[in-house]
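Before any comments, here is the structure.
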Amino acid sequence: MANVSNNMEIGISTFLEATPDPVTGKTISHAERLRDAVEEIVLADQVGLDVYGIGEHHRADYAGTAPAVVLAAAAAMTKRIRLTSAVTVLSSDDPVRVYQAFSTLDGISNGRAEIMAGRGSFIESFPLFGYSLDDYDELFEENLELLLKIRASEKVTWHGGHRPAINNLGVYPRSVQDPLPVWIASGGNAQSAVRAGMLGLPIAFAIIGGMPESFAPLVTLYKEAAARAGHDPDKLEIATHSHGFVGDTTEQAADLFFPSTQAQMNVIGRERGWGQHYTRSTFDAARSLRGALYVGDPEYVAEKILLLRKNLGVTRFFLHVNVGTMPHRDVMHAIELLGTRVAPIVRKELARNE
């Protein structure tokens with residue numbers, strides 16, 4: 001786990017996008033995207049990145065319905081990189097199976113697995129697994145309570161309103177890490193920040209629009225809730241997840257990243273009734289120093305990460321590559337640059353300030 005001093009973890013997050021390529025029109029198969037992801041994780045480990053996260057979605061334009069399986073495929077081929085969901089939609093899953101999947105991953109990776117638990121910004125999993133959106137919040141609270149009980153004790157006794165009760169039953173395999181890390185993921189919900197703080201759990205904020213500095217009040221809420229509950233705020237870990245891309249030059253990075261980002265943001269915008277077409281001017285504004293897009297050459301992306309660290313005190317940064325389908329070689333090059341060029345700049349600057 002990250003040492004909450006001047007250290008900072010840097011890694012990749014993805015939803016395993018399998019959308020039509022906006023340039024060629026070709027749609028990558030789920031199978032190819034899954035194999036590409038394993039190659040990405042292996043490269044990320046080789047170039048010294050700290051963490052790789054896969055989000056869970058249940059729809060045609062993403063291949064990541066089972067993050068733990070994909071991460072396990074790469075676990076045996078990697079040595080150091082931490083492997084996490086980003087996120088596990090805990091509201092619509094069985095906490096017993098979630099723990100078992102990630103404790104199995106923890107065993108295969110010899111203690112590098114993590115769970116990032118969220119309620120999910122997409123809702124396809126609820127009807128798929130027979131849950132009602134009316135129970136959206138209650139399901140998450142109950143399932144989180146059970147997951148934390150399972151990781152704390154081999155034998156579990158528990159009862160709730162939605163899942164059958166468990167009476168003094170064991171859950172196996174046990175994780176190598178004790179406890180298995182569980183993060184709370186939030187898109188900016190104050191209640192989520194307070195919940196994570198009260199439980200003393202690390203938190204990850206998805207910052208995909210606006211200015212990252214606007215999340216500072218949520219960080220304060222999180223730390224205040226932790227302090228009230230008796231946890232040391234200085235030992236808490238805070239992560240952010242933001243869209244971005246690293247290129248040899250800032251202009252090249254922007255030109256490569258924009259078409260796929262525009263295509264996917266327009267799909268999501270139509271689904272959610274945003275009513276606005278995602279334009280190049282919107283994209284370019286978000287690439288500014290205080291914006292939420294981390295797109296540019298290695299020096300510029302490092303500068304933005306360091307500003308994020310200054311404003312929010314983050315201990316981990318996820319660069320979400322890619323937002324829509326991009327050529328695999330371009331994604332691999334961005335990962336290589338993040339590990340060999342961006343991360344060393346950030347680490348050197350933080351060490352200098354110790």
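The values are calculated or read from the model by the stated rules, or taken from the named source; none is laboratory data. What you see is a predicted model, and the numbers here were worked out from it, not measured in a lab. Cβ sites come from the backbone with ideal geometry, for glycine too, and all protein chains shown count toward neighbours. Each accessible area value is taken on the protein alone, full model and side chains, heavy atoms only, with ligands, DNA and RNA left out. Shrake-Rupley method; radii C 1.70, N 1.55, O 1.52, S 1.80 Å.
A Förster distance of 22 Å, applied to the separation of the beta-carbon atoms of Lys79 and Asn7, puts the FRET efficiency at 0.70. Counting Lys and Arg as +1 and Asp and Glu as -1 over every other residue whose Cβ lies under 13 Å from the Cβ of Glu32, the net charge comes to -2. Each part reduced to its alpha carbon centroid, segment 307-333 and segment 133-171 end up 33 Å apart.
Residues in segment 101-114 carry Karplus couplings, in order, of 4, 7, 6, 5, 4, 5, x, 5, 8, 6, x, 10, 8, 9 Hz; the curve used is 6.51 cos²θ - 1.76 cosθ + 1.60 with θ = phi - 60°, and Gly or Pro positions show x.
Taking R0 as 25 Å, what FRET efficiency do you get between Asn353 and Asp248 from their Cβ-Cβ distance, rounded to the nearest 0.05? In this case the efficiency is close to 0.35. Heavy atoms of the protein chains alone define the surface here; on that basis segment 115-273 has 46 Å² accessible area per residue at 1.4 Å probe size. First compute the accessible area of the chain with a 1.4 Å probe, then give the percent of it belonging to carbon and sulfur atoms. On the chain, the fraction of accessible area on carbon and sulfur atoms equals 53 percent.
The translational diffusion coefficient of the chain, from Stokes-Einstein at 10 °C and 1.306 mPa s with a Kirkwood hydrodynamic radius over alpha carbon pairs, comes to 77 µm²/s. Length gained on full extension, Glu271 to Thr157, computed as 0.36 nm times the residue gap minus the Cα-Cα distance: 36.9 nm. Shown here for segment 120-152: GluC sites (Glu not before Pro) in loop regions (DSSP other than H, G, I, E, B) with at most 13 other Cβ atoms within 10 Å, of which there are none.
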